């Protein structure tokens, strides 16, 4: 089969490798689609690989079951599924209470095994998957469902963990209307009563945000922190969702988050949050505000995304590429010319 592999740091190739054999507790998934994430771009450019090479990439995968292991129950050939990217142990205290994305077996790093980051990922024609990490998608289109595994689940997780501050008359800010951000706008529109403000440097992406339910838009070069304070009577936004995560966006958040607000730092752009242990006088980080990071989301979060998609309340804007054009798709994503999510089709 063909697969997209990181063969050495900085170099991707589409290669021919054997179809994987499955274990007794696994299924063989014929991949229908694999989403491409900025995390994959980061993995491509890491100076030292984080797993043994060559590594088949891809943590947003959907397809159909074509073979079932001897000990697997509840799955049959032909079933449509999306792969949950958190391959946690399922038995520790965190997993038992439903917080599988901070599985105890992952230690303080809190990064459970993830396909494409150790186990072979889904940018391939076939993928071996432990059956307990599959989620049924029924009649949903697997091509548009594949990004739900991360681009949907990750913002679902951070929105869900911010709902306690998103009361009537509250404001939620989404920074970066890309693969995750355009879904965050939809999730806020459906799960909260907050006014949604979208920030991006691209007018087309801001138009996308409006189409998906944003009430206000701000260009990233138009003093966004000042504009947020202006929109909120000087208090700031109760929640800021940052899908970029560089120094500039962290500064926007610090200067515009409301007292007791929540800053969800999702993007991995290397930014530092400017929190200083000094008296606060209405400038910079306010009293009571919290900053939170998280890895992906839980199985329950993914189930919530699938349910919203099945109800017609969550849709992914996609641009498709042939699997053999994966390197070009990576280059387009890195150049910032993808509106929505790039999806590879074997």
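Does the range 108-120 contain any residue that is in the same structural domain as residue 23 (by TED's automatic domain parsing) and in contact with a strand residue (DSSP E or B) (Cβ under 6 Å, 6 or more places away or on another chain)?
Scanning the range 108-120 turns up at least one residue that is in the same structural domain as residue 23 (by TED's automatic domain parsing) and in contact with a strand residue (DSSP E or B) (Cβ under 6 Å, 6 or more places away or on another chain).
Is there a residue being under 18 Å from residue 63 (Cα atoms), surrounded by 14 or more Cβ atoms within 10 Å (Cβ to Cβ) and touching a residue at least 40 places away in the same chain (Cβ under 8 Å) anywhere in the range 280-291? Steps first, answer last, please.
Taking the range 280-291 first, the residues under 18 Å from residue 63 (Cα atoms) are none.
No - not one qualifying residue is present in the range 280-291.
So which residues in the range 187-209 are in a helix (DSSP H, G or I), touching a helix residue (DSSP H, G or I) at 6+ places or on another chain (Cβ under 8 Å) and closer than 20 Å to residue 267 by Cα? Steps first, please.
Step one: list which residues in the range 187-209 are in a helix (DSSP H, G or I), which gives 187-191, 203-209.
Imposing the further condition that a residue be touching a helix residue (DSSP H, G or I) at 6+ places or on another chain (Cβ under 8 Å) reduces the set to 187-188, 190-191, 205, 208-209.
Within the range 187-209, 187, 188, 205, 208, 209 meet the criteria.
Output the number of residues of the range 48-62 satisfying the condition of being within 19 Å of residue 343 (Cα to Cα) and touching a helix residue (DSSP H, G or I) at 6+ places or on another chain (Cβ under 9 Å). If you could, list the steps in order and put the result at the bottom.
Let us first name the residues in the range 48-62 that are within 19 Å of residue 343 (Cα to Cα), namely 55-62.
Remaining after also requiring touching a helix residue (DSSP H, G or I) at 6+ places or on another chain (Cβ under 9 Å): 55, 57-62.
Residues in the range 48-62 being within 19 Å of residue 343 (Cα to Cα) and touching a helix residue (DSSP H, G or I) at 6+ places or on another chain (Cβ under 9 Å): 7 in total.
Have a look at 47, 112, 119 and point out the one that is surrounded by 22 or more Cβ atoms within 10 Å (Cβ to Cβ) and not in a strand (DSSP E or B). Lay out the reasoning, then the answer.
Values: 47 fails: surrounded by 22 or more Cβ atoms within 10 Å (Cβ to Cβ); 119 fails: surrounded by 22 or more Cβ atoms within 10 Å (Cβ to Cβ).
None of the other options fit; the residue is 112.
Which one of these does residue 24 not meet: (1) out of contact with any strand residue (DSSP E or B) (no Cβ under 8 Å at 6 or more places or on another chain); (2) assigned to a loop (DSSP other than H, G, I, E, B); (3) modelled with pLDDT of 95 or more; (4) surrounded by 15 or more Cβ atoms within 10 Å (Cβ to Cβ)?
(4)
Assess whether residue 149 counts as being assigned by TED's automatic domain parsing to the domain that holds residue 90, in contact (Cβ under 8 Å) with a residue 24 or more places away in the chain and within 20 Å of residue 303 (Cβ to Cβ). Walk me through it before giving the result.
Numbers: assigned by TED's automatic domain parsing to the domain that holds residue 90: yes; in contact (Cβ under 8 Å) with a residue 24 or more places away in the chain: yes; within 20 Å of residue 303 (Cβ to Cβ): yes.
It is true that residue 149 is assigned by TED's automatic domain parsing to the domain that holds residue 90, in contact (Cβ under 8 Å) with a residue 24 or more places away in the chain and within 20 Å of residue 303 (Cβ to Cβ).
What about residue 15, is it in contact with a helix residue (DSSP H, G or I) (Cβ under 6 Å, 6 or more places away or on another chain) and farther than 18 Å from residue 81 by Cα? I'd like the intermediate steps shown before the answer.
Working: in contact with a helix residue (DSSP H, G or I) (Cβ under 6 Å, 6 or more places away or on another chain): no; farther than 18 Å from residue 81 by Cα: yes.
In short, no.
Scan the range 152-179 residue by residue and report those that are part of a helix (DSSP H, G or I) and either over 20 Å from residue 302 (Cα atoms) or out of contact with any helix residue (DSSP H, G or I) (no Cβ under 6 Å at 6 or more places or on another chain) (or both).
Here is the first cut: in the range 152-179, the ones part of a helix (DSSP H, G or I) are 153-160.
154, 158, 160, listed by residue number.
Can you find a residue that is free of Cβ contacts under 8 Å to residues at least 12 places away in the same chain and on the phi > 0 side of the Ramachandran plot anywhere in the range 218-225? Break it down stepwise before answering.
Kept after step one, since they are free of Cβ contacts under 8 Å to residues at least 12 places away in the same chain, are these residues of the range 218-225: 222-223.
Subset that is on the phi > 0 side of the Ramachandran plot: 223.
Yes: one or more hits.
The values are calculated or read from the model by the stated rules, or taken from the named source; none is laboratory data. Fair warning: this is a prediction, and the values are worked out from it, not measured in the lab. Don't worry about glycine lacking a Cβ; one is built from the backbone with ideal geometry, like all the others, and counts go over all protein chains shown.
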